[in-house]
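Colleague: Below is a structure I'd like to ask you about.
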Amino acid sequence: MHFKISRNMQDYFGNIMNRGGSHASEDRSKFIQFDIYYCCALVGMAACKLDEDDSDLKDMVDKYPNPYRDCRSQIAGLLIATEAKRLGVDIHSSKLEEAMLQYLNSEDETLLSEKGVKTLNAYSLKGAYLLQDYPLIDKPVSREEFLEGFNLAIQKYSAN
């Protein structure tokens, strides 16, 4: 299963994101695609909202780019914690283990199951729409502008 990015995201964040690939940044003033994907996923998870419409999604990568490989356990844990919160699963109940079995796969390099990757994609897509609606008005033209909007969105949605 691939991590996926929407064409809309690529267009909206095009000024600050290298389109050439997700593993290496050709232009050091721009983010790699996975940076944007992950920031959007964080916003979606902070809001505890996802968008499962995959009609506009295209394959990005099937494993974490090098800068993210050492964070795969934390990303998997964050996904589980978010899903437990969204689904109302008590973290002390046996239902948490059931959720973990649905979203995790220790044999996959990402540590996520197909459902786990699909759910992370859905959080990323929703996070992208939340960033487009608030607080950014126009397409961000610099990394700093994006990070300012990202920070405001994380603060807003984490407070809920």
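Colleague: Identify, from the list 103, 129, 68, the residue that is modelled with pLDDT of 90 or more and more than 25 Å from residue 29 (Cα to Cα).
Modeller: On the way: 129 fails: more than 25 Å from residue 29 (Cα to Cα); 68 fails: more than 25 Å from residue 29 (Cα to Cα).
Answer to the check: 103.
Colleague: In this structure, does residue 29 turn out to be modelled with pLDDT under 95, surrounded by 20 or more Cβ atoms within 10 Å (Cβ to Cβ) and either assigned to a helix (DSSP H, G or I) or not aliphatic (A, V, I, L, M) (or both)? Full working, then the answer.
Modeller: Numbers: modelled with pLDDT under 95: yes; surrounded by 20 or more Cβ atoms within 10 Å (Cβ to Cβ): no; either assigned to a helix (DSSP H, G or I) or not aliphatic (A, V, I, L, M) (or both): yes.
No, not satisfied.
Colleague: Would it be correct to say that residue 119 is outside any loop (DSSP other than H, G, I, E, B), surrounded by 15 or more Cβ atoms within 10 Å (Cβ to Cβ) and in contact (Cβ under 8 Å) with a residue 60 or more places away in the chain? Even if it seems obvious, please write down each step before you answer.
Modeller: Details: outside any loop (DSSP other than H, G, I, E, B): yes; surrounded by 15 or more Cβ atoms within 10 Å (Cβ to Cβ): yes; in contact (Cβ under 8 Å) with a residue 60 or more places away in the chain: yes.
Spelling it out, residue 119 is indeed outside any loop (DSSP other than H, G, I, E, B), surrounded by 15 or more Cβ atoms within 10 Å (Cβ to Cβ) and in contact (Cβ under 8 Å) with a residue 60 or more places away in the chain.
Colleague: Would you call residue 113 among the small types (Gly, Ala, Ser), modelled with pLDDT of 95 or more and in contact with a strand residue (DSSP E or B) (Cβ under 9 Å, 6 or more places away or on another chain)?
Modeller: yes
Colleague: Within the range 87-116, count every residue that is over 22 Å from residue 5 (Cβ atoms) and either part of a helix (DSSP H, G or I) or touching a Lys or Arg at 6+ places or on another chain (Cβ under 7 Å) (or both). Write out each step before concluding.
Modeller: Let us first name the residues in the range 87-116 that are over 22 Å from residue 5 (Cβ atoms), namely 87-102, 104, 106-107.
Within this subset, residues satisfying the condition of being either part of a helix (DSSP H, G or I) or touching a Lys or Arg at 6+ places or on another chain (Cβ under 7 Å) (or both) are 87, 89, 94-102.
Summing the residues that are over 22 Å from residue 5 (Cβ atoms) and either part of a helix (DSSP H, G or I) or touching a Lys or Arg at 6+ places or on another chain (Cβ under 7 Å) (or both) in the range 87-116 gives 11.
The values are calculated or read from the model by the stated rules, or taken from the named source; none is laboratory data. For clarity, every value in this text was computed on a predicted model and none was experimentally measured. No Cβ is skipped: glycine too gets one built from the backbone with ideal geometry, and neighbour counts run over all protein chains shown.
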